[in-house]
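The numbers here are math on the coordinates, done by the rules we state, and not lab data. If you're wondering where the values come from, they're calculated on a predicted model, not measured in any experiment. Cβ sites come from the backbone with ideal geometry, for glycine too, and all protein chains shown count toward neighbours.
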Amino acid sequence: MPPLVAPDDDSAPAGFTPRVLRGPFFGGRTVFTGNAGHTDHFTFRITGDDCNRLGITHGGVIATLADIFIVGFIAAQLPSDTRMVTASLSVDYLGPSTAGDWLVGRIHAHRIGRRQCVASGEFRVGDRTIALIKASCAILSDA
């Protein structure tokens, strides 16, 4: 099993600034956003707690991060009072990551609409793509 890494290690890669996550899954953990606050570029340090008994990042962690990153990216492009839910999420796992790895996510919007938004992207570790991610969100009406 790889060694544990401090969950809030603030030694982010150059060009990234820290942001503390909220919520029940990663509340208190630090994610880092890319240069100039780009909402489409994130990095997250994998810890031993994120890994399964094989020592690789658990698929559920990757899926949860995909949901958090894609919804956050979409939300940043909408009015702040917009309510939405994830309608669909898919992850193609292409390779492993382990404790200590910096997981870098890049997200791209395909559609930002009045009722539906769709975005996709990838997670990379170094020069390796470890997952392709895609999600759609449904905009909730006030009615």
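Data for the structure
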item	result
Calculated P(r) of segment 17-139 - Cα pairs past 18 Å, %	50
Segment 17-139, relative contact order in percent, only Cα pairs under 8 angstrom and at least six apart counted	24
Protection proxy ranking of 79-85, 50-56, 67-73 - average other beta-carbon atoms within 10 Å, highest first	67-73, 50-56, 79-85
Calculated FRET value between Leu89 and Thr17, using beta carbons and R₀ = 25 Å, to 0.05	0.40
Extended-chain gain in nm, criterion 0.36 nm per residue less alpha-carbon gap, Leu132 and His108	7.5 nm
